[in-house]
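The values are calculated or read from the model by the stated rules, or taken from the named source; none is laboratory data. Fair warning: this is a prediction, and the values are worked out from it, not measured in the lab. Heads up, the Cβs are rebuilt from the backbone with ideal geometry, glycines too, and the neighbour counts pull from every protein chain shown. In case anyone asks, the SASA skips ligands and DNA or RNA and just uses the protein heavy atoms, side chains included. Shrake-Rupley method; radii C 1.70, N 1.55, O 1.52, S 1.80 Å.
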Amino acid sequence: MAVNRRRFLIGAAGLAIGGATTSGLAGCAPGSSGGSSQGGGGSSGSGNLALAFWGNPVRNKNTQAEVAAYLKANPKVKISTQPGEFNTYWDKLATQTAGNTAPDIIQMDMAYISEYGDRGALLDLAKYGVDTSKFVPGTVESGKINGTLVGANAGINSAVLFASPKVFEKAKMDLPDDTTWTWDDLMQVAAEVASKAGVAHGVASMFGSDAFFGAFLRQHGKELFTDKGVGFDNADAQAWFDLMVKYQKAKAIASPQEISEESSRPLDQSAVVVGKAAMQYYNSNQLEAVNAVAASPVTMLRYPSLTGKATDRKAWYKASMLWSASSKTKDPEGAAAWINWWVNSPDAAMIDLAERGIPANGELQKAVTPKLSKDQQAVAKFIADIKPELAATPIAPPPGGGTLGAVMFRHQTDVLFGRTSAADGAKAFVDEVKSNLKV
């Protein structure tokens with residue numbers, strides 16, 4: 001099954017979990033494993049563990065190799081893997097949880113960690129020995145729900161724009177200075193490069209990104225979510241929609257029809273990949289996957305700021321994904337031991353490298369960097385370079401908040417097509433997001 005780019009932007013699109021989730025999580029169903037094992041990464045133990053994850057061929061291969069390495073060091077442990085596609089992963093996980101067959105170890109996403117963590121469905125990892133003491137600042141908080149560590153950061157990424165040097169070359173333009181540009185500068189560059197290069201999108205998929213909307217809010221002193229719920233109001237949402245309309249009038253973004261179609265295109269047909277966009281929103285850890293199918297190599301650019309100073313961007317280290325465990329697993333020590341090994345062991349890091357993002361463990365970052373591919377080294381450098389631009393790590397979306405991206409995309413489409421005004425679209429968007437929250 002081809003994975004469209006909205007689903008490929010793991011954790012960024014805020015896809016709905018599905019109807020089974022609420023009822024499934026309400027019961028906090030037990031895990032499927034049996035036996036017991038000793039805590040601590042790399043320790044010998046006994047138990048049968050089920051491990052669920054979504055991925056791609058490279059991640060699938062890496063994960064199987066990691067499991068094999070762990071089992072070699074822990075011969076009494078048995079781990080059965082449940083690889084899947086992001087398209088169907090969350091419905092399956094909700095169904096498993098409802099049916100008392102939740103996997104012991106769960107690859108988790110920021111959009112949904114509160115859905116499970118708030119209902120007590122995830123294990124307290126710190127209690128069972130998962131060590132985050134060597135994680136770099138700003139990477140542990142992503143996995144904490146109500147102060148409890150229920151997810152261990154599996155890799156760092158950041159929201160970025162991928163830019164096509166070939167398209168800029170065709171337009172006879174230099175790549176922009178991403179340390180000094182504002183949102184208006186991006187609009188002007190996007191409009192100019194689209195016109196001169198004859199491409200549909202100066203910048204594609206930016207306004208459909210809840211990550212970029214979150215960045216815009218943070219630069220205005222707001223957040224997507226606070227501990228009280230939605231962290232922005234109608235006026236904030238309208239400002240984002242107004243900016244989108246401004247970009248449209250400047251021809252910095254494509255027609256609403258093209259934008260709508262772009263959201264469902266397979267990765268190998270996305271705009272920047274095939275040369276129909278000069279720039280496009282992605283997450284930094286996706287550089288290698290995109291370049292593997294791109295007509296010509298792309299590079300990374302920071303998103304803009306209000307002031308034209310990169311240090312005012314209010315950036316953050318986003319967990320590309322996390323490792324969690326079922327709170328009802330019959331082998332909590334064993335599940336936690338595997339997670340602890342994965343996030344802290346050089347053996348695991350040397351297998352996965354940066355496929356799931358740059359390791360959160362600072363020592364492992366240094367260890368794996370020389371082994372990274374050219375694209376992964378570029379990502380590692382980018383992650384290091386933006387350190388002075390970081391602000392506080394946003395909290396995870398509360399239960400029901402993982403749908404924000406999809407809800408925003410639907411209402412912004414209505415605005416772009418002229419079916420509603422920016423003001424009315426913003427109000428409908430905010431109202432729906434609030435109504436979706438289970439708080």
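What number of residues within the stretch 215-234 satisfy the criterion of being in contact (Cβ under 8 Å) with a residue 40 or more places away in the chain and out of contact with any strand residue (DSSP E or B) (no Cβ under 8 Å at 6 or more places or on another chain)?
Pass one, the stretch 215-234, residues in contact (Cβ under 8 Å) with a residue 40 or more places away in the chain: 215, 218-220, 223-227, 229-230, 232-234.
Those left that are additionally out of contact with any strand residue (DSSP E or B) (no Cβ under 8 Å at 6 or more places or on another chain): 218, 220, 223, 225-227, 229-230, 232-234.
Summing the residues that are in contact (Cβ under 8 Å) with a residue 40 or more places away in the chain and out of contact with any strand residue (DSSP E or B) (no Cβ under 8 Å at 6 or more places or on another chain) in the stretch 215-234 gives 11.
Checking the condition under 25 Å from S264 (Cβ atoms) and crowded, with 17+ Cβ neighbours inside 10 Å, which residue from L416, L372, L364 passes?
Values: L372 fails: under 25 Å from S264 (Cβ atoms); L364 fails: under 25 Å from S264 (Cβ atoms).
None of the other options fit; the residue is L416.
Could you tell me how many of the residues in the stretch 268-284 are assigned to a helix (DSSP H, G or I) and either acidic (D, E) or open to solvent by less than 30 Å² (accessible area, probe 1.4 Å) (or both)?
So the answer is 5.
Pull out all pairs, ordered by first then second residue, where Cβ-Cβ is under 6 Å, the residues are six or more apart or on different chains, the first lies in the stretch 292-304 and is farther than 10 Å from F162 by Cα, and the second is charged (D, E, K, R) and not in a loop (DSSP other than H, G, I, E, B).
Here the result reads V293/D268; S296/K166, each pair linking the stretch 292-304 to a residue that is charged (D, E, K, R) and not in a loop (DSSP other than H, G, I, E, B).
Show the residue pairs that are 6+ apart or on different chains and have beta-carbon atoms under 7 Å apart, the first residue being within the stretch 118-133 and within 10 Å of A335 (Cα to Cα) and modelled with pLDDT of 95 or more, the second being assigned to a loop (DSSP other than H, G, I, E, B) and β-branched (V, I, T).
These pairs meet every condition: L123/V150; L123/T329; L125/V150.
For residues in the stretch 52-92 being farther than 24 Å from K330 by Cβ and part of a loop (DSSP other than H, G, I, E, B), which is least open to solvent (accessible area, probe 1.4 Å)?
G55
Could you list, in sequence order, the residues of the stretch 343-361 that are touching a residue at least 60 places away in the same chain (Cβ under 8 Å), open to solvent by 20 Å² or more (accessible area, probe 1.4 Å) and either part of a helix (DSSP H, G or I) or touching an Asp or Glu at 6+ places or on another chain (Cβ under 6 Å) (or both)?
Within the stretch 343-361, N344, D347, I351 qualify.
Hey, can you tell me all the residues within the stretch 95-120 that are under 21 Å from the mean Cα position of the chain (by Cα), crowded, with 24+ Cβ neighbours inside 10 Å and not aromatic (F, W, Y)?
I105, I106, Q107, M108, D109, M110, A111, I113, S114, E115, G117
I need the full set of residues from the stretch 285-306 which are out of contact with any Asp or Glu (no Cβ under 7 Å at 6 or more places or on another chain) and not in a helix (DSSP H, G or I), in order please. Lay out the reasoning, then the answer.
As a first pass, look at the stretch 285-306 and keep what is out of contact with any Asp or Glu (no Cβ under 7 Å at 6 or more places or on another chain): 285-286, 289-290, 292, 294-300, 303.
Once the filter is applied, which keeps residues that are out of contact with any Asp or Glu (no Cβ under 7 Å at 6 or more places or on another chain) and not in a helix (DSSP H, G or I), the stretch 285-306 yields A294, A295, S296, P297, V298, T299, M300, Y303.
With in contact (Cβ under 8 Å) with a residue 12 or more places away in the chain, open to solvent by 10 Å² or more (accessible area, probe 1.4 Å) and not β-branched (V, I, T) as the only criterion, which of S158, S142, S205 stands out? Steps first, please.
On the way: S158 fails: open to solvent by 10 Å² or more (accessible area, probe 1.4 Å); S142 fails: open to solvent by 10 Å² or more (accessible area, probe 1.4 Å).
It is S205.
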